[in-house]
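The values are calculated or read from the model by the stated rules, or taken from the named source; none is laboratory data. On a predicted model such as this, the values are computed, not experimentally measured, just so you know. Quick reminder, even Gly has a Cβ in these numbers, built from the backbone with ideal geometry, and neighbours come from all protein chains shown.
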Amino acid sequence: MNLTYALATGVSAFNARKVAISACLLGEFCRYDGASKSDAAVIAAFENDEIIPFCPEAPVLGTPRQRISVVKKGDQRFVMGEQSGEDFTQAILAQVELLVQNHPDLDMIVLKSKSPSCGLGTTPIFNEKKEAIGFGDGIAAQKLKVSYPDIVITDEINLKESKC
Ligand code: SF4
């Protein structure tokens, strides 16, 4: 929020929340196919807040990039390149660590549903034979929940339902 807006509306810049949002929802062209998932309702919901765009995949794999998916091996989940079979788990998790280091004081996180990194309970999970075995959290979302245990972490679908 800029000062002019704050003075005009009476809304204090100091009341703004600090919200990390999946960058593709903000209109950044950071999806695997080079597209965005710009979401007007999400952008409007936080127009008076401090927004921290967050995309854990683009810095690791570039854009456009091969598709990745979450693969369950034993009790653990990994995020693997669908074509290469390469394991990107640690690199994606490192992006979350960077966010935590730079922004330990987030008030809220809004993630893109169904993504292998950002999905919250909506991400398809595969076994080692590439068979779909259910839905769960993306790799980054899983770590964000542990790293920010005390704040609301939601996705664009639930955000609309809760009218946050
Ligand atoms: S869903 Fe997450 S990882 Fe995928 S493009 Fe959007 S911000 Fe990046």
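General observations
- Unique residue being modelled with pLDDT under 95, on the phi < 0 side of the Ramachandran plot and more than 13 Å from the ligand (Cβ to nearest atom) when the list is Asp49, Asp75: Asp75
- Scope the range 136-164; condition out of contact with any Cys (no Cβ under 8 Å at 6 or more places or on another chain), part of a loop (DSSP other than H, G, I, E, B) and crowded, with 19+ Cβ neighbours inside 10 Å; matching residues: Asp137, Tyr148
- Test: residue in the range 90-97 that is of a type in the set (Asp, Glu), within 19 Å of Val152 (Cα to Cα) and modelled with pLDDT of 95 or more: yes
- Scope the range 144-164; condition more than 13 Å from the ligand (Cβ to nearest atom) and of a type outside the set (A, V, I, L, M, F, W, C); matching residues: Lys145, Ser147, Tyr148, Pro149, Asp150, Thr154, Asn158, Lys160, Glu161, Ser162, Lys163
- Residues located in the range 90-133, provided they are among the β-branched types (Val, Ile, Thr), crowded, with 18+ Cβ neighbours inside 10 Å and touching a residue at least 40 places away in the same chain (Cβ under 8 Å): Ile92, Val96, Ile109, Val110, Thr123, Ile125
- Counting only strands (runs of 3 or more DSSP E) wholly contained in the range 28-82, the ones carrying 2 or more residues that are in contact (Cβ under 8 Å) with a residue 40 or more places away in the chain and in contact with a helix residue (DSSP H, G or I) (Cβ under 7 Å, 6 or more places away or on another chain) occupy 76-81.
- Of the residues making up the range 94-137, those that are within 16 Å of the ligand (Cβ to nearest atom), more than 18 Å from Leu25 (Cα to Cα) and small (Gly, Ala, Ser) are Ala94, Gly136.
- Qualifying positions in the range 14-25 - within 9 Å of the ligand (Cβ to nearest atom) and in a helix (DSSP H, G or I): Ala23, Cys24, Leu25
- The lone exception for Ala91 - which of (1) in a loop (DSSP other than H, G, I, E, B); (2) in contact with a helix residue (DSSP H, G or I) (Cβ under 6 Å, 6 or more places away or on another chain) it fails: (1)
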